[in-house]
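The values are calculated or read from the model by the stated rules, or taken from the named source; none is laboratory data. The shown structure was predicted, so the numbers you read here are calculated from the model rather than taken from an experiment. Cβ coordinates were reconstructed from backbone atoms using ideal geometry, including for glycine residues, and neighbour counts include every protein chain displayed.
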Amino acid sequence: MFGIYDVKCIQEDLMNELLTIRGERYNMPTFGTRIPLLVFEPNDAETEEIIREDVKTVIEHDPRVELLALDIIVGKDKHVLIASAKVRYKEFNVVEDLRIEVGSR
């Protein structure tokens with residue numbers, strides 16, 4: 001039996017879902033988010049809200065983690081939005097930031 005079950009694996013699982021376009025996975029129409037579609041969208045309140053909703057949905061759906069805080073920050077070059085999620089990995093009692101960058105450079 002092959003199994004990886006640590007913080008790194010959970011992070012990769014979360015990022016995989018966050019960066020997959022919803023409906024892209026065969027037989028999994030609700031897997032994924034709208035985040036990859038926002039790359040060239042304006043960095044406005046609507047875009048921030050979509051990112052916030054999708055990040056919260058993915059993290060709250062995973063029973064291995066707990067969302068402690070979520071901040072959306074405009075990057076230095078103003079073309080990137082950064083979602084910084086403070087996440088607690090329950091089984092390991094580890095708290096780390098999960099960083100998702102959306103935008104064009």
The condition of being surrounded by 14 or more Cβ atoms within 10 Å (Cβ to Cβ), without any contact (Cβ under 8 Å) to a residue 60 or more places away in the chain and touching a Leu at 6+ places or on another chain (Cβ under 9 Å) holds, among Ile21, Ile51, only for Ile51
Of the residues in segment 95-105 that are surrounded by 13 or more Cβ atoms within 10 Å (Cβ to Cβ) and at pLDDT 90 or above, the one that is nearest to Leu37 (Cα to Cα) is Ile100
Scanning segment 89-105 residue by residue, the ones that are in contact (Cβ under 8 Å) with a residue 40 or more places away in the chain and part of a strand (DSSP E or B) total 7
Any residue in segment 12-25 that is small (Gly, Ala, Ser) and either in a loop (DSSP other than H, G, I, E, B) or within 30 Å of Asn93 (Cβ to Cβ) (or both)?
-> yes
Do we have Ala69 as touching a Leu at 6+ places or on another chain (Cβ under 8 Å), in a strand (DSSP E or B) and over 17 Å from Ile21 (Cα atoms) here? no
When (1) in a helix (DSSP H, G or I); (2) modelled with pLDDT under 95 are applied to Glu53, the one that fails is (2)
Over segment 60-87, the set of residues surrounded by 15 or more Cβ atoms within 10 Å (Cβ to Cβ), in contact with an Asp or Glu (Cβ under 8 Å, 6 or more places away or on another chain) and more than 23 Å from Glu41 (Cα to Cα) is Asp62, Arg64, Leu67, Val87
The correct count of residues that are closer than 16 Å to Val58 by Cβ and in a loop (DSSP other than H, G, I, E, B) in segment 72-88 is 0
